[in-house]
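The structure appears below as structure tokens.
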Amino acid sequence: AYTFIETAVELNFYGAVGGTYRIEHTENIESDNWVIVEDNIQGSSDLIERLYSTDDYSRRFFRVIRTDQ
């Protein structure tokens, strides 16, 4: 049998009803260079939960931006 331990960044936020969001990532928190990880996330007042593999993101700086305002 094989056992694998996978690690991930867990990102949770509440999205407002009717709100649209995107998640961005950067490797340098002091940089203005943010890359879109996921876009067009629709809010519904429920908790929005995402997992991103640490294999894909060596440094773990994420932010959530509301894009409909």
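Does at least one position in the stretch 30-46 carry a residue that is surrounded by 10 or more Cβ atoms within 10 Å (Cβ to Cβ), in contact (Cβ under 8 Å) with a residue 40 or more places away in the chain and under 13 Å from the mean Cα position of the chain (by Cα)? Checked the stretch 30-46: no residue is surrounded by 10 or more Cβ atoms within 10 Å (Cβ to Cβ), in contact (Cβ under 8 Å) with a residue 40 or more places away in the chain and under 13 Å from the mean Cα position of the chain (by Cα). Taking the stretch 14-25 as the range and being surrounded by 14 or more Cβ atoms within 10 Å (Cβ to Cβ) and part of a strand (DSSP E or B) as the test, the residues that pass are T20, Y21, R22, I23, E24, H25.
All of (1) open to solvent by 90 Å² or more (accessible area, probe 1.4 Å); (2) assigned to a loop (DSSP other than H, G, I, E, B) hold for E49 with one exception: (2).
The values are calculated or read from the model by the stated rules, or taken from the named source; none is laboratory data. Predicted model, so just to flag it, every value in this text is computed and none were measured. Reconstructed Cβ throughout: ideal geometry from the backbone, glycine too, with neighbour counts over all protein chains shown. Remember, those area values only see protein heavy atoms, side chains included, never the ligands or the DNA or RNA. Shrake-Rupley method; radii C 1.70, N 1.55, O 1.52, S 1.80 Å.
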